[in-house]
Each structure stands twice: as C-alpha cells, then as structure tokens.
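Bear in mind that the values in this text are calculations on the coordinates, not laboratory data. Keep in mind the model is a prediction, meaning the values are calculated, not measured. Because the Cβ atoms are built from the backbone with ideal geometry, glycine has one as well, and the counts that use them run over all protein chains shown.
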Amino acid sequence: MKAFIFPGQGCQKEGMGKDIYAQFPKAKELFERANDFLGYKITDVMFHGTEEELMETKNTQPSVFVYETILALCQDDVKPDCVAGHSLGEFAALVIAGSITFEEGLNLVLNRALIGQKASDEAPVKTGMGAVIGLPDEYVEKRIKEIWEEVGEPLYFANYNGPGQVVISGSRKAVRAACKAFMKEGAKKAVPLAIGGSFHTPFMDEAREQLGAIIKKVDFKPAAIPVYQCVDALPHTDPEEIRANLIQHITHPVLWTAMTHNMAKDGVTEFYEVGTDDTLEKIVHRMYPNLHQQSLLDVPTYFGKVKNFKVVKEVN
C-alpha cells in the first residue's frame, strides 16, 4: 500500500511551485484558480516573495496548501491508497481523497490562518511553541504539568511528531522555562520556535468555534480513500466523522507518531511525502527504516520533466 503524507506549516520556501507552474498546464490552471479565489496573486508571493512575505498570515498556510495539493494532483505516476496530513497538511490530504474540493480546502485554510492569528493576538498572555527532542514522550508529558504549576502559566502538548520528538505549546514564558529545563534534563534539543501562537491547544477554543461554524457549512463527500486524521490517528472515509474531527483539529494535539504506526500496521509499505522537503520522510524512516520512503518530487517519470527542479534525495 502507498500513502501520500502532507507536511504542515513551516515547509514554505521561496520560489515554491514556480517550475511546476511553468511546465504543467494543469498546475498553471490550479494556481490561477487559487489566485481568482483569494482575490490576490498568491503565485507572486510563492514564486517571487521574500521569506518575510511568505510568513505573513494570509500567505503562509494558503501557500503550503496550494503547493501540496497541486503537487499531488498534477502527477499520474503514483496513486495513493490512503493519505495523511500533519496539522495544516490534513486539508490537502482531504482534497486528494476527494472529500472536499480544491476551493473548499483553500477557503478553510485561509479562514484557519486568519481566525487562528486573531485568537493568538487576543490571547490573555503572549503564546508560542517549542520543539523538544531526545526525551521520552511520557517524561515530557509529566514535566510540562509540573512546569505549568511552577511558572503559573499554561503549557500543553501540541505535536507528537515521532518517538522522542515533540512540540510543546502555551505561554511564551512557560515554553521558554520548559526548554531551559529540558536541556538541563538531557534533551538533545529544546528550543522555542519562531511561531507566534499556541496552536493545537485550548488557547484556540474560540478559533475552533468560529472555524467550526464554517466547516459545518461545507458539503463533505465520502472520501475515496482512507484519510488518517490528526485528532485520533485513525483512518476515516465517512464525511460526518471527517467533519467532526476537523472541527476538533485546531485545539487537539497532532498525533503523528500514532498516525505513522497505524498506517504501517494497516499495511502501508511506501510513504511519499508531498511537500518541499523530507521532514516527514525522516520521521517515518526513524520509526520504520525497512519501509520505503520517498519524496513525490523524486518520482522520475514525472519530475524528470521539470528542469532545474530541486529534487529531494530518496531515503532508503
């Protein structure tokens, strides 16, 4: 079985999609559909914008969604048997599975970005996120509760990215205190991330309500292939289950570790990362070194046609 896996926010890069636009008529059509829908040229930002422009709220998440969705839709060489997206990547996965349309996904992603940013700006304390690598998940879970009590400000688990590789989220003060503590306690790495906001935590409760109201208006279709969703790590095709999980998505931790385990348990032997780099590939490779991982950019019969396209090295 083959799985397409879609990374989330943070994989945006200057020039993303420029060569695909130039080489493939179908890609050009989809990029222009995105421009028309948004009412501004997201392609100008993606192809020619600076890193700072790509980091603007209205640009970051739509850029990642558009790029990943088009990357998957504009190739015929590999067909997935299931899909999974990490956080923001779940919206592209739903499009590829046929549960929502390209425009519906883009609308949800844009609203997700704007509503999430507003919730972050209006939070009672300044919030942020931090990456912790090299400590057992159970240890981090126990310690963030203790650090919350010590600092007196909230701290949560945001992402389970892989064994010993997690993201914490909460007040900036608590995140900084936790990162310092974890480095003293043996972490290989524990650093605050350049992200303003506390995503996948109760800080997003109001955002969940607002985005949930928009999600409820979308006509979800039964997925043609299973979609492993972030909130429960299980495969879904039923539209109402998909809708309910997507509403919880913005406040619930991303269970990527469990998602990867479940895909492998269910028979997935080939993972194709649909993104700009090999972030998820590396996680899967550490967990299942004997399974096949590859960037979709590295499918030769398709992307061999693209001149001067940066190809990510296959992980064997």
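I want the antiparallel fraction of DSSP beta bridges within the chain, as a percent rounded to 5.
60 percent
Below 13 angstrom from the Cβ of LYS145, what's the summed charge of the other residues (Lys, Arg +1; Asp, Glu -1)?
Within the 13 Å Cβ shell, the charges total -4.
Amide H of THR127: which non-local residues (sequence gap of 5 or more, or other chain) have their own amide H closer than 5 Å, using H built in the peptide plane?
Distant-sequence amide H within range of THR127: ARG172, GLY197.
Would you mind checking region 139-165 for residues with the amide N under 17 Å from a putative spin-label position 7 Å along Cα→C-beta of LYS282?
Once the point is set 7 Å along Cα→Cβ of LYS282, 160-165 turn out to lie under 17 Å by backbone N, inside region 139-165.
Taking the Cα centre of the chain as the origin, how large is its charge dipole in debye, to the nearest 20, when only Lys and Arg (+1) and Asp and Glu (-1) carry charge on their Cβ atoms?
I would put it at about 580 debye.
State, in angstrom, two size descriptors of region 28-79 derived from its alpha carbons: Rg to one decimal place and Dmax to the nearest whole number.
Expressed in Å, the Cα Rg and Dmax of region 28-79 come to 11.6, 35.
Provide the net charge surrounding VAL167, with neighbours chosen by a C-beta distance below 15 Å and charges set as Lys +1, Arg +1, Asp -1, Glu -1.
Within the 15 Å Cβ shell, the charges total +3.
I need to check one value: relative contact order of the chain, counting alpha carbon pairs closer than 8 Å and at least 6 residues apart, in percent.
21 percent
Sequence-distant or interchain residues sharing an amide H contact under 5 Å with LEU88, placed H: which?
Here the answer is GLN9, since their amide H atoms fall under 5 Å of that of LEU88.
Set the bar at 28 Å for Cα to Cα. Now go through LYS18/LYS221; LYS221/LYS282; LYS41/LYS217; LYS13/LYS189 and name every pair that lies beyond it.
LYS18/LYS221; LYS221/LYS282
Relative contact order for region 1-121: what is it in percent, counting Cα pairs under 8 Å that are at least 6 residues apart?
It comes to 36 percent, rounded to a whole number.
Could you tell me the relative contact order of region 140-209? Use alpha-carbon pairs under 8 Å, at least six residues apart, and round to a whole percent.
With pairs under 8 Å counted, the relative contact order is 26 percent.
Show which lysines lie in cross-link reach of LYS142 when reach means a straight Cα distance below 17 angstrom and same-chain residues fewer than eight apart are skipped.
Answer for LYS142, where 17 Å is the Cα cut-off: LYS180, LYS184, listed by chain and number.
Angle between the Cα long axis of helix 25-38 and the longest principal axis of the chain, 0 to 90 degrees, nearest 10?
Here the helix axis deviates by roughly 50 degrees.
In degrees, nearest 10, range 0 to 90: what is the angle between the Cα axis of helix 172-184 and the longest Cα principal axis of the chain?
The angle comes out at about 80 degrees.
Suppose only helical runs count, i.e. DSSP H with n ≥ 4. What mean residue ellipticity at 222 nm does that imply for the chain under -39500 (n - 2.57) per run, divided by all residues and rounded to the nearest 500 deg cm²/dmol?
Only helices count here, giving -14000 deg cm²/dmol.
Out of these labelled values of Rg and Dmax of the Cα atoms in Å, (i) 18.8, 57; (ii) 17.9, 58; (iii) 19.3, 62, which was calculated from the coordinates shown here?
It is the one labelled (i).
In degrees, nearest 10, range 0 to 90: what is the angle between the Cα axis of helix 205-215 and the longest Cα principal axis of the chain?
20 degrees
Please name which of HIS285, LEU155, CYS179 has its Cα lying farthest along the dipole of the chain towards the positive end, using unit charges on Cβ (Lys, Arg +1; Asp, Glu -1) and the Cα centre as origin.
Going by the charge dipole, the pick is CYS179.
Short version: ³J(HN,Hα) in whole Hz for each residue of region 251-268, in order, from phi by Karplus 6.51 cos²θ - 1.76 cosθ + 1.60 (θ = phi - 60°), x for Gly and Pro, what are they?
So the J values, rounded to whole Hz, are 10, 9, x, 7, 9, 5, 4, 5, 4, 5, 4, 5, 4, 5, 5, 7, x, 6.
Explain nothing, just the number: dipole magnitude of region 1-141 about its Cα centre with +1 on each Lys and Arg Cβ and -1 on each Asp and Glu Cβ, in debye rounded to the nearest 20.
240 debye
Let's test the formula: R0 of 30 Å, r as the Cβ-Cβ distance of ASP76 and LYS18. What FRET efficiency results, to the nearest 0.05?
0.90
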